1. Can you run phi through the Karplus equation (6.51, -1.76, 1.60; θ = phi - 60°) for the range 340-349 and list ³J(HN,Hα) in whole Hz, with x for Gly and Pro?
2. On a straight-distance basis, which aspartates and glutamates could pair with residue 118 in a cross-link, Cα separation under 20 angstrom, same-chain partners fewer than 8 positions away excluded?
3. Using alpha carbons only, how many angstrom separate the centre of the range 30-77 from the centre of the range 388-460?
4. Find the Rg to Rh ratio for the range 274-492, where Rh is the Kirkwood radius over alpha-carbon pairs and Rg uses the same atoms.
5. Over the chain, what is the relative contact order in whole percent, taking alpha-carbon pairs under 8 Å and six or more residues apart?
6. Residues with amide H under 5 Å of residue 78's amide H, sequence separation 5 or more or different chain, H placed in the peptide plane at 1.01 Å from N; which?
7. By how many nm would the segment from residue 71 to residue 217 grow when fully extended, if each residue of separation counts as 0.36 nm and the alpha-carbon distance is taken off?
8. Checking the cross-link filter: which aspartates and glutamates have an alpha carbon closer than 19 Å to that of residue 368, excluding same-chain neighbours under 8 positions apart?
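Every number here is computed from the coordinates shown, using simple stated rules; none is lab data. None of the values given here were measured: they were computed from a predicted structure.
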Amino acid sequence: MTYPLRKSFLAASVSLAALFSAQSLAAQEAVFVIGTAEVGAPTYNPIKATMLNTATALLFDRMVSQAADLSYHPWLAESWEEAADGMSWTFKLKQGITFHNGEPFTADTVKAWIELFKTTEGENAYMAEAIASVEVVDPTTVKFVMSRPEPNLLYNLSSTFMSVIEPKSFAALGDNFGVTEVYGTGPYKLESFAVGQETVLVRNEDYKWGPAVAANAGPAKVERLTFREIPEDSTAFLELKTGGVDFLLSVPADLMGEVQKEANLAVLTMAGQDVWYMPINVTKAPFDDIRVREAAAKAINQDEILASVFGGVGAVADTFLISALPESKVSDGARIKFDPDRSNALLDEAGWAMGEGGVRMKDGQPLKVTLWTQSDSIFRRLTEVVQAQLKAVGIEAEITTFDSSMIRDQYKTGEQQLAVRSYNWDNADIVDWFFGGDRLGYPNVSMFNDPKAEELRTAAMTGAKNMEERIANFTAYHDYVLTQFPMAPIYQPVQAMAYNADRISLPATINAPSFGTAAFMDLEVKE
């Protein structure tokens, strides 16, 4: 008579224990949605990649960390000293650090990593180009001997593109490094990676050397992180609203109001590092005529876009760089601003007369161009407004939409005329990246290759002995590029994120320029 009761009690106990276990497990996990600009990153190989997503910062550490005020602080390097003439840097390394595969992090590791970075075929070698050699002083000290002064070295060493990889596995795995296996010293290890779908990371239990800008040195507080790739912002928001995900790493301004309507959702904003812009292919008619490029650029009404598309959140852009950078302080004449009278006059001068239906004509041909964009809703909406603004001066733009993860491959064809896109970066070398004559197609979507610009580019990238000179050189380079109209600046957003406040607890202060390692180290999942 008692057996069924005992069995029932035991079953109830097991079920209750399983429930508590499941709740405990769930409390140690969090699901994030990667920003649409990062969708489709094909690898976590920082040496070869032209695009990396947020999860990269958790797999790898950097030599140096950067605070919210853009100052530099220790990470894998506990201290450093630059020679007075800028021709050498000496770094003292932290001890007791190991890679995910058990290999120790030492001065020999740094030497091998820098040599791989400089010699491996890829777009990022320029970041270490000024390092002539690396000398191992002792197991915890390295000296970078420079071929020239590099005032931007600490920024480069704080970038995810200069994440410290484990050299032996990098050599052994070849192109599979960053895809099937990844070995860094970061607070998380790679469990799985499906390109364009999701990445799953598990906590590095041995981690205790977090960046100085994080309150928690390690291990991280959350055991398991899933990063989903959802190219459509409205779909991502619905997933957050219904509990399918915990955190959106990017929220467009047009969805901010919807997020704020939900009692359990919260918004986090940080200073923006993005610029949205319209690249103009200078090699494709009619934009091989600088007058037509300038007309198209000055047809863009940035103030109207800020108000109507982005709800007044953020700021207008009138240069290619975020306004926080000193190199954005170009001459007033170089700033690209809405000027429809100038646009119309230039098109008249170029022989494009207004025709029927408000479309300009020349030699019997209408002024019809293609306007490329990506598939997520905010880009489509912005592109439709840009289309209408171009039509207002007589340029008929036909919109072509590509999947967000595929559009970069389309740019490589060089067939685009106009496009609407964005970038995320907080250093002036982005001008070199998107307008350098040796990067045509992608990332140089504008196909811009100008002799004077190349001279100014060389001075900006390699001609400065100190930061003051670098700023002056980059300002001159940036200024000239703007006067050639290979793009039209549009908008500077804030970094806006949304999360389930019932599930996620954020630190009171995130002392970093973006939501990266420091934020993840201090983030908690509520019980």
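1. Per-residue couplings from phi come out as x, 5, 5, 4, 5, 5, 5, 5, 4, 4 Hz.
2. Leaving aside aspartates and glutamates fewer than 8 places away in the same chain, those within reach of residue 118 are 61, 108, 129, 135, 150, 166, 175, 429, 432, 438.
3. Result: 23 Å between the Cα centres.
4. On the way: Rg = 16.7 Å, Rh = 17.5 Å.
Looking at the range 274-492, the ratio lands at 0.96.
5. Value for the chain: 20 percent.
6. Residues meeting the criterion, in which the H sits 1.01 Å from N, are 92, 93, 94.
7. Full extension of this stretch gives 50.7 nm more.
8. 288, 289, 294, 348, 349, 356, 384, 396, 398, 415
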